[in-house]
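To start, the structure under review is shown below, and the notes come after it.
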Amino acid sequence: MGNHPVGNQRRALLSVTDKTRLDEIGKLLHSYGYELIASGGTARYLRDKDIPVTGINELTGYPEIFGGRVKTLHPVIHGGILGPSRESFAETVELGINPIDVVVVNLYQFREAVAAGAGEAETVEKIDIGGPTLMRAAAKNFGRVTVVSDPAQYDEFIAELNTGKGETSLDFRRRMAASTFRMIEQYNDAIASYFEGSAGIPLRYGENPHQEATLHLPAAPAGQAPLTGIGLTQHGGKELSYNNIVDLVAAVKLVGDFDQPCCGILKHTNPCGFGLGEGLTGLERALKCDPVSAFGGVFAFNTTVDLGTANVLAKRFLEIIIAPNFTSDALARLTKKKNVRVLTMDMEKFLAGTRGRTRSWGRLVLTQGEDDGFPELEEWKVAAGEEPDDATRTALEMVWKVCKHGKSNAIVLGDMTATLGMGFGQMSRVDSTELAVLKAGNQGLDLLGCVAGSDGFFPFPDGIEKLAAAGARAVIAPGGSIRDDEVAEAAEKLGVTLILTNRRHFNH
């Protein structure tokens with residue numbers, strides 16, 4: 001909004017489907033001298049509350065047409081929103097275009113129509129055109145215009161108006177613009193999903209059998225199965241469930257972090273075995289770590305699966321096998337198991353299509369970027385002991401990368417080619433350390449001379465002491481603890497090489 005010269009009229013456009021607290025907003029804006037402009041239903045509501053309002057049709061000189069489909073799409077409205085500064089409107093006075101400073105808009109209830117099982121004609125009518133256009137215009141021009149797109153934002157909006165005596169701050173306008181573009185993105189995604197498959201592909205069930213779940217995918221090429229839009233092809237087995245897909249994504253991201261041929265085994269998104277090597281070599285190395293947890297797991301490869309590997313897999317109970325390719329005889333062998341889901345992937349396409357993460361709880365949505373790359377491995381600091389040789393460095397890099405894919409707190413033990421024990425998701429790093437050592441002991445694996453990786457710093461020396469007692473000779477962890485020097489001193493006394501990095505990879 002910015003400061004107005006004395007005598008300039010403030011103006012607010014209101015066009016809302018959800019009329020929650022609309023009278024409160026209207027009265028407050030009016031009290032600060034705003035002229036209120038509103039579309040048909042919103043204008044009628046405000047008049048019923050004895051709040052002065054100018055109808056959009058009065059401003060544009062055009063009635064609403066096509067049953068209300070067209071009412072705000074007019075230069076008088078959009079020019080009023082998009083004018084970059086109040087001074088710039090000098091050139092549009094003769095056109096009847098004057099500044100609009102506040103836009104309060106929310107969208108037709110498209111998702112609610114879909115959820116209620118509305119027919120196609122009714123659902124299509126709930127696709128808002130004017131609302132998103134107004135919101136985008138106002139958000140783009142946040143330097144001057146305030147956009148409020150959700151009644152949940154009204155309290156903060158009211159506080160801003162009261163603090164600024166009718167004005168809002170640039171920081172508030174910027175945040176409202178960001179929120180608006182995110183809301184439009186989600187709204188458009190719901191519409192696209194509806195057209196791609198009546199709001200998505202129903203899954204067998206959600207995290208539990210009593211929960212419903214839906215898969216939303218980018219459109220696949222005509223005549224191809226929906227999964228191909230994300231780079232996947234299912235060749236056999238039962239339908240995918242919610243948990244299957246969550247595990248599958250986690251598995252591909254694990255093996256996708258390695259340039260060397262490898263096999264990763266996951267259970268409930270946590271690695272339970274990992275081995276470097278082609279085909280059967282990688283599989284056997286991955287299985288030695290925790291074959292019990294591998295029961296019913298997801299097996300992922302980043303190279304072609306051959307018949308020898310398939311024969312070993314076919315003898316096990318597992319849920320999913322995924323690889324970039326299978327030899328024809330390996331695919332024939334595995335697809336005989338009617339319950340095992342066998343998939344191939346275009347890894348580059350799949351990883352690109354699953355970048356970042358979005359979590360939502362109703363209307364609360366969190367997004368974050370992808371945890372890409374490992375530049376810290378080129379810049380690590382030897383805090384205790386000697387610089388690792390090439391073989392030890394390979395082992396440390398392997399456990400560090402596997403750590404990234406387990407739930408925090410994460411501890412991974414390994415040798416030069418495979419994991420030996422892992423502890424994930426515990427409340428303390430010491431608990432995870434004890435679990436990793438216990439897992440290795442359960443399989444009779446020798447930890448003498450092993451390496452260890454931790455996804456977070458060691459806050460006290462006790463974790464290093466337990467790893468040293470188990471046989472670890474080198475440990476990699478992020479730096480950052482106020483006791484880094486104390487931990488490094490303990491490692492030095494114990495004869496353990498301690499590598500500290502400048503980056504962490506938490507996975508919550």
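The values are calculated or read from the model by the stated rules, or taken from the named source; none is laboratory data. Note that the structure is predicted; figures quoted are calculated from it, not measured. Here the Cβ is made from the backbone with ideal geometry for all residues, glycine too, and neighbour counts use every protein chain on show.
Structural remarks
- Strands (runs of 3 or more DSSP E) wholly inside segment 324-369 that include at least 1 residues being more than 21 Å from Pro226 (Cα to Cα) and not charged (D, E, K, R): 357-361, 364-368
- Looking across segment 42-70, the residues that are of a type outside the set (Asp, Glu), modelled with pLDDT under 85 and more than 16 Å from Ile100 (Cα to Cα) come down to Gly61, Tyr62, Pro63, Ile65, Phe66, Gly67, Gly68, Arg69, Val70.
- Unmet criterion (only one of (1) in contact with a helix residue (DSSP H, G or I) (Cβ under 7 Å, 6 or more places away or on another chain); (2) surrounded by 19 or more Cβ atoms within 10 Å (Cβ to Cβ); (3) more than 22 Å from Asn409 (Cα to Cα); (4) not basic (Lys, Arg)) for Ile265: (3)
- For the condition crowded, with 21+ Cβ neighbours inside 10 Å, under 27 Å from the mean Cα position of the chain (by Cα) and not aliphatic (A, V, I, L, M), Arg173 qualifies.
- Residue in segment 455-462 that is over 17 Å from Leu396 (Cβ atoms) and in contact with a strand residue (DSSP E or B) (Cβ under 8 Å, 6 or more places away or on another chain) present: no
- When each of Val249, Val255 is tested for being in contact (Cβ under 8 Å) with a residue 12 or more places away in the chain, under 22 Å from Phe506 (Cβ atoms), in contact with a Cys (Cβ under 7 Å, 6 or more places away or on another chain) and not in a strand (DSSP E or B), the lone residue that passes is Val255.
- When residues of segment 271-301 are limited to those that are out of contact with any Cys (no Cβ under 6 Å at 6 or more places or on another chain) and assigned to a loop (DSSP other than H, G, I, E, B), the one nearest to Leu240 (Cα to Cα): Gly296
Quick grid of which residues meet (1) touching a His at 6+ places or on another chain (Cβ under 9 Å); (2) of a type in the set (A, V, I, L, M, F, W, C); (3) modelled with pLDDT of 90 or more; (4) not assigned by TED's automatic domain parsing to the domain that holds Phe258:
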site	(1), (2), (3), (4)
Thr327	no, no, yes, no
Thr335	yes, no, yes, no
Asn339	no, no, yes, no
Met347	no, yes, yes, no
Arg359	no, no, no, yes
Thr367	no, no, no, yes
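- Sole exception among (1) within 29 Å of the chain's Cα centre (by Cα); (2) under 17 Å from Asp259 (Cα atoms) for Gly425, by number: (2)
- Within segment 104-187, helices (runs of 4 or more DSSP H) holding 3 or more residues that are touching a residue at least 40 places away in the same chain (Cβ under 8 Å): 110-115, 130-140, 154-163
- Yes/no for Leu276 being more than 15 Å from Gly406 (Cα to Cα), of a type in the set (A, V, I, L, M, F, W, C) and in contact with a strand residue (DSSP E or B) (Cβ under 8 Å, 6 or more places away or on another chain): yes
- Selection within segment 119-136 - aliphatic (A, V, I, L, M) and touching a strand residue (DSSP E or B) at 6+ places or on another chain (Cβ under 8 Å): Leu134, Met135
- Some residue of segment 478-490 being under 25 Å from Lys253 (Cβ atoms), touching a Lys or Arg at 6+ places or on another chain (Cβ under 6 Å) and assigned to a loop (DSSP other than H, G, I, E, B): no
- Filtered residues of segment 46-66 (kept if surrounded by 15 or more Cβ atoms within 10 Å (Cβ to Cβ), touching a helix residue (DSSP H, G or I) at 6+ places or on another chain (Cβ under 6 Å) and not hydrophobic (A, V, I, L, M, F, W, C)): Gly55, Thr60, Glu64
- Search result, residues across segment 303-317 that are surrounded by 20 or more Cβ atoms within 10 Å (Cβ to Cβ) and under 21 Å from Asn243 (Cα atoms): Leu313
- Residue in segment 308-315 that is within 24 Å of Ala440 (Cβ to Cβ), touching a Leu at 6+ places or on another chain (Cβ under 7 Å) and part of a helix (DSSP H, G or I) present: yes
This table checks each residue for (1) more than 17 Å from Cys272 (Cα to Cα); (2) in contact with an Asp or Glu (Cβ under 7 Å, 6 or more places away or on another chain).
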{"position": "Ala384", "(1), (2)": "yes, yes"}
{"position": "Asp390", "(1), (2)": "yes, no"}
{"position": "Glu397", "(1), (2)": "yes, no"}
{"position": "Gly414", "(1), (2)": "no, no"}
{"position": "Met427", "(1), (2)": "yes, no"}
{"position": "Val437", "(1), (2)": "no, no"}
{"position": "Arg483", "(1), (2)": "yes, no"}
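- The numbered conditions (1) of a type outside the set (Val, Ile, Thr); (2) under 27 Å from Glu284 (Cβ atoms); (3) surrounded by fewer than 24 Cβ atoms within 10 Å (Cβ to Cβ) are all true for Asp455 except (3).
- From the options Leu413, Leu448, Leu438, residue that is of a type in the set (A, V, I, L, M, F, W, C) and either at pLDDT below 95 or crowded, with 21+ Cβ neighbours inside 10 Å (or both): Leu413
- Qualifying positions in segment 140-179 - in contact with a Ser or Thr (Cβ under 6 Å, 6 or more places away or on another chain) and modelled with pLDDT under 95: Ser149, Pro151
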